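Written out below as structure tokens is the structure these notes cover.
The values are calculated or read from the model by the stated rules, or taken from the named source; none is laboratory data. None of the values given here were measured: they were computed from a predicted structure. Quick reminder, even Gly has a Cβ in these numbers, built from the backbone with ideal geometry, and neighbours come from all protein chains shown.
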Amino acid sequence: MNDEIHHAEEFLDRIEQDDTPAGSDLEYFLAASNQSIIERLYSRADSARKRHIGNGIYLRGLIEFSSFCRNRCLYCGLNRNNTSLARYRMTSEEILKAVDSVASCRISTVVLQSGEDDSLDHIWMRDLISEIRNRHNMAVTLSLGEWEYQAYALWKEAGANRYLLKIETTDRDLYDRLHPGMSHQNRLRCLRDLRSLGYEVGSGIIVGLRGQTVASLCRDIQFFKEENLDMIGIGPFISHPSTELCKESSGDAEMTLRVLALTRIVTKTTNIPATTAIASLDGDFRSQALKCGANVLMPIFTPVLHKSSYEIYPDRSCTNEEGVQYAECLFRLAESLNRHIDYSKGDRKK
Ligand code: 5AD
């Protein structure tokens with residue numbers, strides 16, 4: 001083994017052992033230009049995934065039930081200033097039908113996601129959650145954005161199990177520039193409220209935002225560890241033509257994979273998806289992500305009728321496929337990698 005690779009292995013040992021890894025150790029890999037070092041990183045992340053989680057891949061059926069949003073996140077196609085987008089809001093009946101479809105594929109987690117819809121009726125949401133829990137033996141994950149403690153408590157009480165809320169970036173200045181009218185502090189408040197209510201909590205970041213530094217990506221990885229998150233979504237920035245960031249180039253897939261791999265090594269047992277965002281970049285990045293730490297896939301069960309209107313970013317993969325076909329395509333992907341689908345609910349391994 002040459003000196004450089006030997007060095008890299010030592011750094012990886014340290015990153016694996018430390019409670020919170022040093023920023024400089026993480027930075028070494030994000031800044032590395034030697035491809036053999038990156039190969040070592042990916043391979044160590046893959047072994048960590050195998051050791052802590054095994055070869056099973058969990059599936060989460062995603063239903064994007066409303067595209068209305070009160071926010072103006074500069075990167076997101078759902079931002080309220082985007083008047084070119086046809087907005088929709090699914091009824092309970094439509095949502096329950098989509099949930100049945102998720103269940104018909106033996107998938108035992110449903111993720112209910114929407115924009116931050118000002119008209120979201122908290123009681124309606126509560127009733128929907130308890131209806132799903134009554135009908136199916138399924139975990140319910142919510143991804144509805146920032147709300148007050150009382151709302152989170154109401155939904156938890158109704159049977160919701162998990163909540164996803166990305167921090168997007170831990171760099172406060174960058175966060176403020178990208179999220180007019182929002183506050184980083186409130187986002188953290190939400191994550192901590194969710195934790196204290198007993199949800200499994202997921203967060204994550206966008207990689208490749210202009211102004212984001214390697215040092216801040218290292219902070220993000222430390223943050224995942226410090227907050228003891230259960231689920232972590234890491235996706236590249238994808239430039240959307242109807243947003244203020246339309247002229248910027250999309251995030252780099254390779255950098256996204258490096259962050260993912262380090263996150264696996266650092267956080268050990270967390271559930272990490274091969275995100276739809278990375279799958280929508282040109283190249284076989286969904287498989288790549290599964291080979292360097294990811295253990296979750298999220299087939300989209302939003303009815304095709306609405307799917308193209310939920311345009312967070314353009315060219316989302318499989319927009320013309322119904323959930324059942326989408327799930328089948330992911331089963332085949334798992335098989336092709338010699339992994340199997342694990343049909344259990346897939347709570348974070350303790
Ligand atoms: N590129 C990549 N990810 C995006 N998201 C929103 N817009 C974009 C984009 N243009 C992600 C955010 C949000 C999640 C629902 O989608 O991380 O939390």
Flagged in segment 264-274 as outside any strand (DSSP E or B), buried (at least 20 other Cβ atoms within 10 Å of the Cβ) and away from the ligand (no atom under 15 Å from the Cβ), in numbering order, are R264, I265, V266, T267, T270
Just give me the residues in segment 70-84 being near the ligand (Cβ under 7 Å from one of its atoms) and of a type outside the set (A, V, I, L, M, F, W, C), in sequence order.
Y75, G77
Answer yes or no as to whether G198 is surrounded by 16 or more Cβ atoms within 10 Å (Cβ to Cβ) and either in contact with an Asp or Glu (Cβ under 7 Å, 6 or more places away or on another chain) or in contact (Cβ under 8 Å) with a residue 40 or more places away in the chain (or both).
no
Quick one: which of E116, E64, E94 is of a type outside the set (A, V, I, L, M, F, W, C), more than 16 Å from the ligand (Cβ to nearest atom) and at pLDDT 95 or above?
E94
Do we have D284 as free of Cβ contacts under 8 Å to residues at least 24 places away in the same chain and more than 13 Å from the chain's Cα centre (by Cα) here?
yes
Lone qualifier among E146, E168, E116 - being under 30 Å from T256 (Cβ atoms) and buried (at least 20 other Cβ atoms within 10 Å of the Cβ):
E168
Tally of residues being surrounded by fewer than 21 Cβ atoms within 10 Å (Cβ to Cβ) and either under 15 Å from L178 (Cβ atoms) or without any contact (Cβ under 8 Å) to a residue 40 or more places away in the chain (or both) across segment 224-242
3
Answer with yes or no whether A253 is surrounded by 23 or more Cβ atoms within 10 Å (Cβ to Cβ), within 14 Å of the ligand (Cβ to nearest atom), closer than 13 Å to V207 by Cα and hydrophobic (A, V, I, L, M, F, W, C).
no
Count - residues of segment 275-328 that are in a helix (DSSP H, G or I), touching a strand residue (DSSP E or B) at 6+ places or on another chain (Cβ under 8 Å) and β-branched (V, I, T):
2
Positions within segment 318-332 being crowded, with 17+ Cβ neighbours inside 10 Å and of a type in the set (D, E), in sequence order:
E322
So, in segment 1-21, of the ones that are touching a residue at least 40 places away in the same chain (Cβ under 8 Å) and assigned to a helix (DSSP H, G or I), which residue ends up surrounded by the fewest Cβ atoms within 10 Å (Cβ to Cβ)?
E16
Listed by first then second residue, the pairs whose first member lies in segment 264-278 and is under 13 Å from I205 (Cα atoms), whose partner is surrounded by 24 or more Cβ atoms within 10 Å (Cβ to Cβ) and hydroxyl-bearing (S, T, Y), with beta carbons under 9 Å and at least 6 positions apart or on separate chains, are I272/T263; T275/T256; A277/T256; I278/T256
Output yes when any residue across segment 224-231 is of a type in the set (A, V, I, L, M) and farther than 15 Å from N295 by Cβ, and no when none is.
no
Selected residue [exposed (fewer than 15 other Cβ atoms within 10 Å of the Cβ), within 30 Å of Q17 (Cβ to Cβ) and at pLDDT 95 or above] from S287, S344
S344
Among (1) at pLDDT 95 or above; (2) within 16 Å of the ligand (Cβ to nearest atom); (3) not β-branched (V, I, T), A261 falls short only on (2)
